[in-house]
1. Of everything in region 135-152 that's part of a helix (DSSP H, G or I) and open to solvent by 80 Å² or more (accessible area, probe 1.4 Å), which residue is nearest to residue 22 (Cα to Cα)?
2. For residue 107, only one of the following conditions fails: (1) within 14 Å of residue 53 (Cα to Cα); (2) open to solvent by less than 20 Å² (accessible area, probe 1.4 Å); (3) within 13 Å of the chain's Cα centre (by Cα); (4) among the aliphatic types (A, V, I, L, M). What is its number?
3. Can you find a residue in region 111-123 that is free of Cβ contacts under 8 Å to residues at least 60 places away in the same chain, under 17 Å from the mean Cα position of the chain (by Cα) and part of a helix (DSSP H, G or I)?
4. Inside region 44-78, can you point out the residues that are closer than 19 Å to residue 120 by Cα, free of Cβ contacts under 8 Å to residues at least 12 places away in the same chain and open to solvent by less than 60 Å² (accessible area, probe 1.4 Å)?
5. Could you check how many residues of region 115-134 are more than 17 Å from residue 51 (Cα to Cα) and open to solvent by 10 Å² or more (accessible area, probe 1.4 Å)?
6. Mind listing whichever residues of region 79-102 are assigned to a helix (DSSP H, G or I) and open to solvent by less than 40 Å² (accessible area, probe 1.4 Å)?
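The values are calculated or read from the model by the stated rules, or taken from the named source; none is laboratory data. Owing to the predicted nature of the structure, the values given are computational and were not obtained by experimental measurement. When we count neighbours, we look across all protein chains shown, and the Cβ atoms used for this are built from the backbone with ideal geometry, even at glycine. For the accessible areas, the whole protein counts, side chains as well, though only heavy atoms, and no ligand, DNA or RNA atoms are used. Shrake-Rupley method; radii C 1.70, N 1.55, O 1.52, S 1.80 Å.
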Amino acid sequence: MTAGSAPRDLTGREAPGTGRANYTGAVYGSLLAASVVAGAGSAGPYPRVELVLLLICTGLVFWAAHVYAGFVGDRLRRGNVSWQEIRRVCVGEWPIVQAALLPAAAVAVSPLLGLGLEGTAWLALGVAVVQQVGWASAAVIRAGASRWAVVSVGIVNLVLGLVIVAAKVALQH
């Protein structure tokens, strides 16, 4: 089956169960997680717990928004939506939430690494940026792209991540 002939979900992405990962959701979710970490303050009595919850809740809210947007767009185009299609879209967009889990885990284990709150935030931000670059690179590798395309995509995603890092630095001063 070629990339263009795989079954598609309501958002136009390849349907779950076709052997294809939703790299778009994983890259988007990683960028979202990096943004959450960069913008999060350390207010509150349990800043690590709060950051873990913020990462997961933000991933869930954006997942729900993407699912909803897919349904609204599909209803306008085709009318009724079946429960099977609803499930497919929910599963297909799940990588947005999954991308928040590794940065959240980094926050959770940061005390074991002896990191303070600032070090914790930098660890989580680094994890989010690395996974963003990794997912984007994996997508183009899986698509059979040239080395130049893989390197280019990696650089573009690294630059996007570094923009978030710059924003974090700017917010701290």
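1. Ranking the qualifying residues of region 135-152, first place goes to 135.
2. (3)
3. yes
4. Answer for region 44-78, where residues must be closer than 19 Å to residue 120 by Cα, free of Cβ contacts under 8 Å to residues at least 12 places away in the same chain and open to solvent by less than 60 Å² (accessible area, probe 1.4 Å): just 44.
5. 4
6. Passing the criteria: 85, 86, 89, 90, 92, 93, 95, 96, 97, 99, 100.
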